[in-house]
Amino acid sequence: MPSSEQLAQLILSGITQGSIYALIALGFVTIYNVTGVINFSQGEFAVIGAFVAITLSQKVLLWHGQMTASLEWPLPVAALIGVAAAVLIGVLLYRLGIQPSRNASPLSQIVVTIGASIALRGLVLLAWGTDPYRLTPFTEGPPFDLMGAILTRQSVWVMGLTVVFVVSLFLFFKYTLIGKALRASSANPGAARLMGINPQWMGLIAFALSAGLSALAGIVVAPVTFMTFDRGLMLSLKGFVAMIMGGLTDPVGAVVGGLILGVVESLAAGLISSGYRDAFTFAILVVVLLVRLGGFIKGRKGEALERAGL
Amino acid sequence: MLKVDGISTFYGHIRALNHVSLDVNDGEIVTLIGANGAGKTTLLNTISGMLHPKNGDVVFDSKKISRMRAEQIVRLGMSHVPERRQVFGSLTVLENLTLGAYCRVSRDGWKAIYQDIEKVFGLFAILEKRKEQLAGTLSGGEQQMLAVARGLMAKPKLMLLDEPSLGLAPLIVQEIFRIITELRKSGTTILLVEQNARAALRVADRGYVLENGHVVMSGKAAELTADEQLQKAYLGGRSNGKG
């Protein structure tokens, strides 16, 4: 039987990891609600954001050691540029991949995003190689003690910043004109056009926003876990599972789904075996898909999933 | 103000509109009547840019708009209140109204828009009571009023109203038609699509009758009301002259 300290520890690290899934799931939901596309390059944005921030803020070997970057810019600047890089790639993906295929089926567009994620992973591999990188923690200092569990300072950063990002996003959707236009566009795209809301412009904003959000997630988690070129795939899949758990279209559900997923994974890894971490995630996916097509939060049945062609 | 000149619109290979022409002059209420599937909604959608005609032109305020997209056309001062209301159900009444003025924010500024929201509340008192409520929770009649109010928020010169009385109780239908007459008094030009031909002809100056994508009849509202054939087909065949 695990001790209560051990449980607390597992739950805490689960929430830390789950925060990242929550942010990535929010990106999924934002893009899905506005454009109807499930964007499987969501995780690559996190990887790119993190790698760019790492490269600008610490010494890194690039292009198989042919180039050394030692700019050592302050972290906030590096992080901002990392986010900007991801946003730029998100915008390019929309303009070059999604917008031209807007009359194709949602499934074809999903394939476009999978293709983009493979291409982006390849580019990251070329530039940064297979080595794992770790960002220096945002603040130095001893970890905190919480009910016998150890809480690192970076975990506090992760949770705190996740709260800040999520709250800002909700305020953005609730109170700004663009936010309202995005919601209108997802509620009724045709009527939104009659108001003068350009759906392509909304799609572009959704991609930019989601890419930025994922990049932030990647950057805050990079000091906790090592970043490697191929982490995007898993991050995408976990974010996707969290999104489905939340009912596909519900941003609150996505956040809750992400946190639950993180905790379940952490408990599975800690109490059973770390080898089962991912197995549990996908077991959850299968169960949710089979049993509650509407997601955990609301009783809505599979309508949303049908719309996605799933 | 609006000139539709020989447009034909297709859904794939199916021709929904066949060489349709009509005019709407400044300050008029013009109604389009016809059975289900006659092409009335297709015509409105083609005018507002949701669909594009294969041939023919739509000219609005002496600008050719048949190749423009809906989100551009609304900026020229044409507001389309679509069939079945199409309010943003997951947004509040106030948010719906704000988005109605989406195309004006950069031009007129927020102050003017808030003033217009107050004006719209003057016309639709019920919406003020419901302003923080989600539009999806309103009754059908309230949603229709919201749809018209949202359309007004664009400050249109021309309003396209698609079946505003559809599925509403008689009392509310009356209310809707009262509002339409009030809009005309305030100088808005209206192109009204209705299945309730009798009521539509009562408020309109002129009318066009659409059948299978053709205009089969047009004229002054009073002439159309008096027309025997039309009475048989659309006005329930009663010819007691009272309407």
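When A:P223, A:P199 are checked against the criterion of being facing chain B (nearest Cβ under 10 Å), in contact with a Pro (Cβ under 8 Å, 6 or more places away or on another chain) and more than 22 Å from B:A149 (Cβ to Cβ), A:P199 stands alone in meeting it.
For the stretch B:103-132, the set of residues classified as in contact with an Asp or Glu (Cβ under 9 Å, 6 or more places away or on another chain) and not hydrophobic (A, V, I, L, M, F, W, C) consists of B:R104, B:D108, B:D116, B:E118, B:G122, B:E128, B:R130, listed by residue number.
State whether the residues of the stretch B:22-34 include one that is farther than 30 Å from B:G236 by Cα and of a type outside the set (K, R). It would help to see each step written out before you state the result.
Filtering the stretch B:22-34 down to residues farther than 30 Å from B:G236 by Cα leaves B:26.
Add one more test, that the residue is of a type outside the set (K, R), and what stays is B:26.
Checked against the condition, which is being farther than 30 Å from B:G236 by Cα and of a type outside the set (K, R), the stretch B:22-34 yields at least one hit.
Pairing residues of the stretch A:171-195 that are more than 7 Å from every other protein chain (Cβ to nearest Cβ) with residues that are surrounded by fewer than 16 Cβ atoms within 10 Å (Cβ to Cβ) and in a helix (DSSP H, G or I), at Cβ distances under 7 Å and at least 6 apart in sequence or on separate chains, gives A:G179/A:F172. With the condition kept exactly as written, say whether any residue in the stretch B:153-173 is assigned to a helix (DSSP H, G or I), over 30 Å from B:V4 (Cβ atoms) and within 13 Å of chain A (Cβ to nearest Cβ). For the stretch B:153-173, residues assigned to a helix (DSSP H, G or I), over 30 Å from B:V4 (Cβ atoms) and within 13 Å of chain A (Cβ to nearest Cβ): absent. Of all residues in the stretch A:56-70, those that are in contact (Cβ under 8 Å) with a residue 24 or more places away in the chain and surrounded by 11 or more Cβ atoms within 10 Å (Cβ to Cβ) total 7.
For the stretch B:111-128, the condition holds for no residue, the condition being that it is at the interface with chain A (Cβ under 10 Å from one of its Cβ atoms), surrounded by fewer than 18 Cβ atoms within 10 Å (Cβ to Cβ) and under 17 Å from A:K180 (Cα atoms). Can you give me the number of residues within the stretch B:66-95 that are of a type in the set (A, V, I, L, M) and assigned to a loop (DSSP other than H, G, I, E, B)? Summing the residues that are of a type in the set (A, V, I, L, M) and assigned to a loop (DSSP other than H, G, I, E, B) in the stretch B:66-95 gives 3. Using the structure shown, decide if A:K174 is in contact with a Gly (Cβ under 9 Å, 6 or more places away or on another chain), among the basic types (K, R) and either surrounded by fewer than 24 Cβ atoms within 10 Å (Cβ to Cβ) or over 30 Å from B:R104 (Cα atoms) (or both). Spelling it out, it is not the case that A:K174 is in contact with a Gly (Cβ under 9 Å, 6 or more places away or on another chain), among the basic types (K, R) and either surrounded by fewer than 24 Cβ atoms within 10 Å (Cβ to Cβ) or over 30 Å from B:R104 (Cα atoms) (or both). Just one of the listed residues (A:P143, A:P223) is under 26 Å from A:V263 (Cβ atoms) and either out of contact with any helix residue (DSSP H, G or I) (no Cβ under 7 Å at 6 or more places or on another chain) or touching a residue at least 24 places away in the same chain (Cβ under 8 Å) (or both), and it is A:P223.
Only residues that are among the small types (G, A, S) and more than 10 Å from chain A (Cβ to nearest Cβ) were counted in the stretch B:45-78, giving 4.
Scanning for something within 11 Å of another protein chain (Cβ to nearest Cβ) and either over 30 Å from A:F138 (Cα atoms) or out of contact with any Pro (no Cβ under 6 Å at 6 or more places or on another chain) (or both), does the stretch A:206-215 turn up at least one residue?
Here is the first cut: in the stretch A:206-215, the ones within 11 Å of another protein chain (Cβ to nearest Cβ) are none.
The answer is no; no qualifying residue exists.
Within the option set B:L146, B:L99, being in a helix (DSSP H, G or I), under 17 Å from the mean Cα position of the chain (by Cα) and at pLDDT 95 or above holds for one residue only, B:L146. When we screen A:A25, A:A8 for residues that are buried (at least 24 other Cβ atoms within 10 Å of the Cβ) and assigned to a helix (DSSP H, G or I), the only hit is A:A25.
Go through A:R231, A:R277 for me and flag whichever is under 15 Å from the mean Cα position of the chain (by Cα), under 18 Å from A:S13 (Cβ atoms) and in contact (Cβ under 8 Å) with a residue 12 or more places away in the chain.
Values: A:R277 fails: under 15 Å from the mean Cα position of the chain (by Cα).
Criteria check complete, one pass: A:R231.
Do we have B:S106 as part of a helix (DSSP H, G or I), over 30 Å from B:D5 (Cα atoms) and small (G, A, S) here? Yes.
Based on what the data block shows, is A:S57 more than 22 Å from A:F282 (Cβ to Cβ) and at pLDDT 90 or above? Can you show your working first?
Working: more than 22 Å from A:F282 (Cβ to Cβ): yes; at pLDDT 90 or above: yes.
Against the criterion (more than 22 Å from A:F282 (Cβ to Cβ) and at pLDDT 90 or above), A:S57 qualifies.
Counting only helices (runs of 4 or more DSSP H) that sit wholly inside the stretch B:190-243, those with at least 3 residues that are modelled with pLDDT under 90 and under 27 Å from B:S8 (Cβ atoms) are B:228-234.
Looking at B:E83, B:E95, B:E71, which is the one that is of a type outside the set (A, V, I, L, M, F, W, C) and touching a residue at least 60 places away in the same chain (Cβ under 8 Å)?
Details: B:E95 fails: touching a residue at least 60 places away in the same chain (Cβ under 8 Å); B:E71 fails: touching a residue at least 60 places away in the same chain (Cβ under 8 Å).
Result: B:E83 is the single residue among B:E83, B:E95, B:E71 that is of a type outside the set (A, V, I, L, M, F, W, C) and touching a residue at least 60 places away in the same chain (Cβ under 8 Å).
Does the stretch B:79-94 hold any residues that are surrounded by fewer than 24 Cβ atoms within 10 Å (Cβ to Cβ) and either facing another protein chain (nearest Cβ under 7 Å) or more than 13 Å from the chain's Cα centre (by Cα) (or both), and which are they? Talk me through it step by step, then tell me what you get.
Here is the first cut: in the stretch B:79-94, the residues surrounded by fewer than 24 Cβ atoms within 10 Å (Cβ to Cβ) are B:82-84, B:86, B:89-92, B:94.
The answer is B:P82, B:Q86, B:G89, B:S90, B:L91, B:T92, B:L94.
The values are calculated or read from the model by the stated rules, or taken from the named source; none is laboratory data. Values in this document were obtained by computation on a predicted structure and should not be read as measured data. Backbone-built Cβ (ideal geometry, glycine too); neighbour counts: all protein chains shown.
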